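To start, the structure under review is shown below, and the notes come after it.
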Amino acid sequence: MSKKTWFYSATAAVTVLSLFLVPWAGAAERQDVSSDSMIEKEIAVYSHWLEDAYGAVAEERALMNDDLEQPTAKEREVIDGQTDYIVNAFVTSGLSIEDASVSFRIGSMTQSGSKYVVSAEITTKITYSRIDENMQVVHDACWWTDPHVITIADGREDAKTGSGDFLGNYEVISDGISSEIDDESERDASGTSDEGDTSKGVTYEEALALRPKGGELEINPATAGTPSIPYYMTGVRYALKWTDYPYSGDEKSDFNPNYPYFENNCTNFISQAIHESDVPYRTAISVDTKDINLWTPNLMFGKPTWTWNNADYSYRFMKNTYFKAFDSPWMDVGGLIYVDWNGKDNDNTKNHAMIVTQADRSYVNGQMIFNTYISQKTNNRHNIPLSVEMGIAYQTHPDATWYGLGLRWQ
């Protein structure tokens, strides 16, 4: 999605964790909304409810058993719609939620009659535990940020309790993640796919069915040999650093100033991580930025090659050099994952890219399963389970197709 500049912040800090807030820069013009302070309060309470929904799972208790304002039936429906699929992704991955922190930044508010539409970016941080292959309890955390469009109605008309009493002034009646198109592949998607490409993407359902279970991974690199990128862990650490606080956003200040910054940075970011792995640029005296054999952020006149900042071209370049294509996105550490947001079109054009920054095994109902974790930019994700990323993406791109590239080993 396109970068927005955000101007106002508010937080809901009600868990034992300190809030995880992403830095923001700049200012924007705000429309005059007479009840904006009440709307901000409602968003703050809503953020607490989201936190509490995760906390209820962690503590195995009923939702909202505290003294704060209680959600209406409609608000509970909205809360469930935002949290149920994420909770399910953690549970089915053998990851037990221990605590959560939800923070937000309001970007704009507009009024239409008795309804208010709020654009805000919501950051969710989850701490969790798992039982590893040695039967040891391991604790970890991850976080992600997404743009949301939240609709709030005047409660004097809509927010009533079962007894008919007014619950409050306002009610959250919908919350949707804004649809995103990452990188710049939409600018010229036609004819970019490699005609000789035999790799096959998988749907959301197929990907979940392909999650490795039991013993060793088929995609795991050989125990002996040399990876095509010997220092790939340096790139992994780079990706973890630049998605973590204080670089946990998508503003220019959240990126390494040694590299260019674009409106959308998913592929630009994984290219940086690969280059930080001691992979040299591939350049030439040329102005052909679409040359599939070149790879640099500055070919001529400050322009990057498409292999650097375009997901589709990046996939082709990486597959032909340092990586091997797999019919599964469950890659090991150092692997890359690409997504075609419109898989039903069958054009195999990749629109988004991410890097695998962790891989492990955990027990679920007595069975060991494999977990892949990813980090990315636009939108920022720090080491989140792939199953969670798939669940988030499914909300706006149910027809997405997933592709995996694993490191070549020699």
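Selection of the range 358-378 for residues being among the polar types (S, T, N, Q) and either over 21 Å from ASN256 (Cβ atoms) or open to solvent by 10 Å² or more (accessible area, probe 1.4 Å) (or both) yields GLN358, SER362, ASN365, GLN367, ASN371, THR372.
May I ask you to verify whether MET109 is surrounded by 22 or more Cβ atoms within 10 Å (Cβ to Cβ) and at pLDDT below 95? When the stated conditions are applied, MET109 passes them.
The set of residues from the range 312-351 being among the hydrophobic types (A, V, I, L, M, F, W, C), more than 22 Å from ASN293 (Cβ to Cβ) and open to solvent by less than 10 Å² (accessible area, probe 1.4 Å) comprises TRP330, MET331, ILE337, VAL339, TRP341.
Within the range 118-143, residues that are closer than 15 Å to PHE90 by Cα have Cβ atoms under 7 Å from residues that are among the aliphatic types (A, V, I, L, M) and exposed (fewer than 14 other Cβ atoms within 10 Å of the Cβ) in these pairs: SER129/VAL137; SER129/VAL138; ARG130/VAL138; ILE131/VAL137; ASP132/VAL138, counting only partners at least 6 apart in sequence or on another chain.
When we screen LYS303, LYS344, LYS252, LYS290 for residues that are under 15 Å from GLY201 (Cβ atoms), among the basic types (Lys, Arg) and out of contact with any His (no Cβ under 9 Å at 6 or more places or on another chain), the only hit is LYS344. All conditions but one from (1) part of a strand (DSSP E or B); (2) touching a residue at least 60 places away in the same chain (Cβ under 8 Å) apply to SER387; the one that does not is (1).
All conditions in (1) open to solvent by less than 40 Å² (accessible area, probe 1.4 Å); (2) in contact (Cβ under 8 Å) with a residue 60 or more places away in the chain; (3) over 21 Å from THR151 (Cβ atoms); (4) in a strand (DSSP E or B) hold for ILE97, with the sole exception of (2). Of the residues in the range 125-143, at least one is within 19 Å of GLN395 (Cβ to Cβ), in contact with a helix residue (DSSP H, G or I) (Cβ under 8 Å, 6 or more places away or on another chain), open to solvent by less than 10 Å² (accessible area, probe 1.4 Å) and assigned to a strand (DSSP E or B).
Residue-wise test of (1) within 20 Å of the chain's Cα centre (by Cα); (2) under 26 Å from ALA141 (Cβ atoms); (3) among the polar types (S, T, N, Q).
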site	(1), (2), (3)
ASN309	yes, no, yes
GLY334	yes, yes, no
ASP340	yes, no, no
VAL364	no, yes, no
PHE370	yes, yes, no
LYS377	yes, yes, no
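The values are calculated or read from the model by the stated rules, or taken from the named source; none is laboratory data. Remember, predicted model here, so these are calculated numbers, not experimental data. Don't worry about glycine lacking a Cβ; one is built from the backbone with ideal geometry, like all the others, and counts go over all protein chains shown. To get the accessible areas, we keep the full protein, side chains included, count just its heavy atoms, and leave off ligands, DNA and RNA. Shrake-Rupley method; radii C 1.70, N 1.55, O 1.52, S 1.80 Å.
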